[in-house]
1. Can you tell me how many residues within region 345-384 are assigned to a loop (DSSP other than H, G, I, E, B), of a type outside the set (Asp, Glu), in contact (Cβ under 8 Å) with a residue 60 or more places away in the chain and open to solvent by 10 Å² or more (accessible area, probe 1.4 Å)?
2. Hey, could you check region 1-48 for residues that are surrounded by fewer than 20 Cβ atoms within 10 Å (Cβ to Cβ) and hydroxyl-bearing (Ser, Thr, Tyr) and say which is nearest to ALA175 (Cα to Cα)?
3. For region 92-102, does any single residue satisfy the condition of being in a helix (DSSP H, G or I), in contact (Cβ under 8 Å) with a residue 60 or more places away in the chain, within 17 Å of ASP44 (Cα to Cα) and hydroxyl-bearing (Ser, Thr, Tyr)?
4. Out of (1) in contact with a Lys or Arg (Cβ under 8 Å, 6 or more places away or on another chain); (2) surrounded by fewer than 16 Cβ atoms within 10 Å (Cβ to Cβ), what's the single condition that is false for ASN492?
5. State all residues of region 407-424 that are over 13 Å from GLU342 (Cβ atoms), in a loop (DSSP other than H, G, I, E, B) and either under 22 Å from the mean Cα position of the chain (by Cα) or β-branched (Val, Ile, Thr) (or both); if no residue qualifies, say none.
6. Checking the structure you have, find out if any residue of region 430-438 is modelled with pLDDT of 95 or more, out of contact with any Phe, Trp or Tyr (no Cβ under 7 Å at 6 or more places or on another chain), surrounded by fewer than 19 Cβ atoms within 10 Å (Cβ to Cβ) and among the charged types (D, E, K, R).
7. Considering only residues of region 301-342 that are of a type in the set (Asp, Glu), surrounded by 14 or more Cβ atoms within 10 Å (Cβ to Cβ) and within 23 Å of GLY280 (Cα to Cα), which is modelled with the lowest pLDDT?
Amino acid sequence: MNINIDGLRGLLLDVEKPSRYTGGEFGAPDVRESAFNFCICFPDLYEVGMSNLGIKIVAESFLKRGYCADYCFAPYRDFGRGIKKLGVPLYSSELKKPLNEFDMLGFSMQFELSYTNVLYMLDLAGIPLTRRERAGGNYPLIALGGPCTVNPEPLADFADIIFIGDGESADADVAQAYLKHGGATEEFFKEITRIDGVYVPALGNKVKRAVIADLDGAVFPERIAVPNCESVHDRVVIEVMRGCYRGCRFCQAGFIYRPVRRRSVKTLTRQACALIANTGYEEVSLNSLSTGDYPHLRELIKELKTNLPKDVTLALPSLRADSFDGDFAQDARKTSLTFAPEAGSQRLRDVINKDITEEEILNAAESAFDAGYSAVKLYFMLGLPTETDEDLRGIAEICAHIKERYRQKKRTKPLRISVSLSTFIPKPFTPFQWEKQVTAEEAKAKQQVVIDSLRGTGITLSWSDGFTARLEAVLARGDRRLAKVIKLAYENGCIFDGWTKDLNKDGWLKAFDDAGISPDEYTRAFGEDEVLPWDYIDIGVTKKFFLSERRKAYAGKVTGSCMSSCKGCGLQDKCPAAGAGEKL
């Protein structure tokens, strides 16, 4: 029985942003119940989830096969409390169908600090939190997917199925198997373990990451819903490429999305034009991990400018300093431009394989200034392997040199530079997955070095909270024992911990204490011969390659980009850069 939204009128009038919970967005796909009813659950606020391209691609894969694909977003505390008090279960956006009546709920795991929100949504839906508690009951399949699931262990006790890798086909293949076997039978679970990218925690099967070979022909929505309230990214997003050539040693995304696969200019132009026509947006974002590495970027921009309405602007959010071109900036709004040198010295940039020189950073900044920009944001990390105070003081030196470049020509506006510091997190499936994370005290000392070196310069400095960085590292590198901590944290009121005002540090610390588990077990250095919690996952990149890259890091050697030559990471048979597949 679907929820009568009119019956919630009083609650909706009493909460912040009631439009998060009403559905009926302009351009929303026609969602109807079908032989298999799937709901994508995004464990964060509506305005964050509505900006996420991945969940729209997954929904399209179900809709293309004639299945139902609805949405649900984590309600903020006020609405969550309200529906619980009224005895109304959490429901889907379009059908207003209670989540506990779907065949499968698929949670999109984009960020480790949203883990407790999964339990929050299950609880509001009246669904037992753990797989063991659900056994024998009439509940939906609980599935997880997204970048965080490359290490599924911390959440494994809560899930029936975990998708690893590209989800365009694997998730809908599971729906097909479900219908074939008449439900979640033993035979069903055994069969889906044979699908690339499908992990069944109860069976403990080894998993090979799902990889979409032909991105140009892959499922992509050309009609999307326009949010009822302002979202984090109010614009059309098209995915230019998936994967990255660069191989930065700290970057998990750069390895788990390998190999690089590209869409053609023709396909991207068609998608952008269709989405603009169907939404009325006035901006198109060309997304990838490194959009400047798309080999046909000039041609793409020309085609988009020719075919899109004249008032539509283009956003290129992922340009590296060494691929920045002032001509590209002419097509973007003249707001601040962002570069990510990551480290303050050339020595440390070589350690992390950033493969970018200070001169390239300065030339990129100068090109931006010539194009009309007068504000630059610079992102750096602290706590990187082998880092010294001298490397940290190099941040101030880069800023000083950027100022010098700006003053070399007459400019109409004063220069604004802002520096953002984040704490390095050693993530699974990177050459730095074995590294120790700096302690909160060490991070604070490193922050002070940068603060002191920038004092009196007029540069704006911000830094991330040390506790959240530590918690993120623990959840990213954790094993199955952490399920107890996550459940206790939720019971202690920990939800929306990715939002500073909602972070419940005491609740998490108590959860670790009550579980008898120290976070230090997961932020310590791991031995190279140690069995890691995620070792049974095959993402395609070999451990031998990761170890080789780690040793090069400590030797200060740069491997460089896959564009220059194949580096033999293990995906050579699937990688267009290595000669496999069609080159677009």
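The values are calculated or read from the model by the stated rules, or taken from the named source; none is laboratory data. Keep in mind that this is a model prediction, so the values were computed, not measured. In this analysis, Cβ positions are derived from the backbone assuming ideal geometry, glycine residues included, and neighbour counts consider all displayed protein chains. For the accessible areas, the whole protein counts, side chains as well, though only heavy atoms, and no ligand, DNA or RNA atoms are used. Shrake-Rupley method; radii C 1.70, N 1.55, O 1.52, S 1.80 Å.
1. So the first thing to find is which residues in region 345-384 are assigned to a loop (DSSP other than H, G, I, E, B), and the list is 345, 352-357, 371-374, 383-384.
Applying the additional criterion that residues be of a type outside the set (Asp, Glu) yields 345, 352-354, 356-357, 371-374, 383-384.
Right, trim to in contact (Cβ under 8 Å) with a residue 60 or more places away in the chain and you get 352-354, 383-384.
If we keep only those that are open to solvent by 10 Å² or more (accessible area, probe 1.4 Å) too, we end up with 354.
The qualifying residues number 1.
2. Among those residues, the one meeting the criterion is SER34.
3. no
4. For ASN492, the exception is condition (2).
5. Across region 407-424, the qualifying residue is only THR412.
6. There is at least one residue in region 430-438 that is modelled with pLDDT of 95 or more, out of contact with any Phe, Trp or Tyr (no Cβ under 7 Å at 6 or more places or on another chain), surrounded by fewer than 19 Cβ atoms within 10 Å (Cβ to Cβ) and among the charged types (D, E, K, R).
7. Of the residues in region 301-342, the ones of a type in the set (Asp, Glu) are 303, 311, 322, 325, 327, 331, 342.
Right, trim to surrounded by 14 or more Cβ atoms within 10 Å (Cβ to Cβ) and you get 303, 322, 325, 331, 342.
Then keep just the ones that are within 23 Å of GLY280 (Cα to Cα); that gives 303, 331.
Working: GLU303: 96, ASP331: 52.
Checked region 301-342; the qualifying residue modelled with the lowest pLDDT is ASP331.
Yes/no matrix, rows are residues, columns are (1) among the basic types (Lys, Arg); (2) under 30 Å from GLU153 (Cα atoms); (3) modelled with pLDDT of 95 or more; (4) touching a Leu at 6+ places or on another chain (Cβ under 8 Å):
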{"position": "ILE192", "(1), (2), (3), (4)": "no, yes, yes, no"}
{"position": "GLU222", "(1), (2), (3), (4)": "no, no, no, yes"}
{"position": "HIS233", "(1), (2), (3), (4)": "no, no, no, no"}
{"position": "PHE250", "(1), (2), (3), (4)": "no, yes, yes, yes"}
{"position": "ALA253", "(1), (2), (3), (4)": "no, yes, yes, yes"}
{"position": "SER264", "(1), (2), (3), (4)": "no, no, yes, yes"}
